[in-house]
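Asks: Have a look at this one.
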Amino acid sequence: MFGARQTERPRHDHEVVRNVDLGGDARRAYPSSLTDAMWAVLEPLMPVRDRSRGGRPRRWDDRLILDSILFVLRGGCPWRMIPHDLAPADAAHRWFTAWRKDGTWDRIHDELRGRLRRRAGRDRHPTAGIMDSQTVKSSEGGQGIGYDPGKKTTGRKRHLVVDTMGLLLVVAVTSASVNDRPGGRMILARLAAAFTSVALVWADAGYANSRDATMVGWARSALGLVLQIVRRRDDVKGFEVLPRRWVVERTFGWLIRNRRLARDYERLTANAEAMIKLAMIRLMTRRLAGQAVRWSNATEREAARRLNAERLLNT
């Protein structure tokens, strides 16, 4: 029922936009739009429609739908403000939701992550991860809105585990009122269920401190995971780049480049998780298409420098 690479011709007004001379890539009407090289990576991964089941022809092709969704992700605008030369807002949101429910986003995300890991000379299945959380404000109502007294923020909390390259493994979006320790147990349980190959996870002291260090023992006994706490040095004031921890911090930096993720605008936590996966899909597609990703701030440049140093030491 869902998704397909269609042969039907789209409406004429959208076809005009595609044929405009845009410097060698006629489909790239906006900076958020897929380039031809990116679409060559994604097109084989899109779901194929079973025409034997009937149904009327698709009016909007997959690439135009993706361009419309990515416009919302990168620009941070409401769905109803999608430009008229892209797909209608109701169609874009309907397919975004349909592909979330049928697992399309998960399948594409996992396939691209595996390809990037293989290209970097690593095994497709990771053996270690880094865990952290990020509290973001929410300007909308909906599921899981709460207050984080530590950050003095009303909104939601994003719990992430990434691999040593900074690529997303699992994500959970909860109320901002959920403490790191219960949130960490939840995300580690998801990790153990999805990746039996992962044996070691690094995390900060918020997950195990002098008041409550039971999570380390629980992770080992219940999940078979070694949870290693990376602590700050007492003699250092201000910001400090901690071993391994910078990897997940850099991933958060990648995510909030997308204005839709600078705050949490989603009504459902499932949609918020899907937007995070979509941001990583776009980033990984750019890399696989051979398009350079520029570092936009000092933290990302430092992370890139450390990653290159580790790579040289391992060669």
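The values are calculated or read from the model by the stated rules, or taken from the named source; none is laboratory data. As the structure is a prediction and not an experimental result, all values here were calculated from the model. Glycine also receives a Cβ, built like all others from the backbone with ideal geometry; neighbour counts cover every protein chain displayed. Just so you know, the surface numbers come from the protein's heavy atoms only, side chains and all, with ligands and any DNA or RNA stripped out. Shrake-Rupley method; radii C 1.70, N 1.55, O 1.52, S 1.80 Å.
Asks: Taking Gln143 and the conditions (1) of a type outside the set (D, E, K, R); (2) in a strand (DSSP E or B); (3) closer than 24 Å to Ala274 by Cα, which numbered condition does it fall short on, given that it satisfies the others?
Replies: Going through (1) of a type outside the set (D, E, K, R); (2) in a strand (DSSP E or B); (3) closer than 24 Å to Ala274 by Cα one by one, Gln143 breaks only (2).
Asks: Search segment 102-123 for residues that are among the aromatic types (Phe, Trp, Tyr) and pair each with any residue that is crowded, with 16+ Cβ neighbours inside 10 Å when their beta-carbon atoms are under 6 Å apart and the residues are at least 6 apart or on different chains.
Replies: Trp105/Trp99; Trp105/Ala274; Trp105/Lys277
Asks: Of these, Thr135, Thr153, Thr164, Thr127, which one is among the polar types (S, T, N, Q), crowded, with 16+ Cβ neighbours inside 10 Å and modelled with pLDDT of 95 or more? Show your work before the answer.
Replies: Numbers: Thr153 fails: modelled with pLDDT of 95 or more; Thr164 fails: modelled with pLDDT of 95 or more; Thr127 fails: crowded, with 16+ Cβ neighbours inside 10 Å.
Thr135 is the lone residue from the list that is among the polar types (S, T, N, Q), crowded, with 16+ Cβ neighbours inside 10 Å and modelled with pLDDT of 95 or more.
Asks: A further question on this structure: I'd like to check something: does segment 195-217 contain any residue that is open to solvent by less than 50 Å² (accessible area, probe 1.4 Å), hydroxyl-bearing (Ser, Thr, Tyr) and at pLDDT 90 or above?
Replies: yes
Asks: Can you name the residue in segment 40-59 that is at pLDDT 90 or above and out of contact with any Asp or Glu (no Cβ under 9 Å at 6 or more places or on another chain) and, of all such residues, is surrounded by the fewest Cβ atoms within 10 Å (Cβ to Cβ)? Full working, then the answer.
Replies: Applying the first criterion (at pLDDT 90 or above) to segment 40-59 yields 40-47.
Checking the rest, the ones that are also out of contact with any Asp or Glu (no Cβ under 9 Å at 6 or more places or on another chain) come to 40-41, 44.
Details: Ala40: 13, Val41: 22, Pro44: 9.
By that ranking, first place goes to Pro44.
Asks: Given (1) in contact with a Gly (Cβ under 6 Å, 6 or more places away or on another chain); (2) aliphatic (A, V, I, L, M); (3) free of Cβ contacts under 8 Å to residues at least 24 places away in the same chain, identify the lone condition not met by Val216.
Replies: (1)
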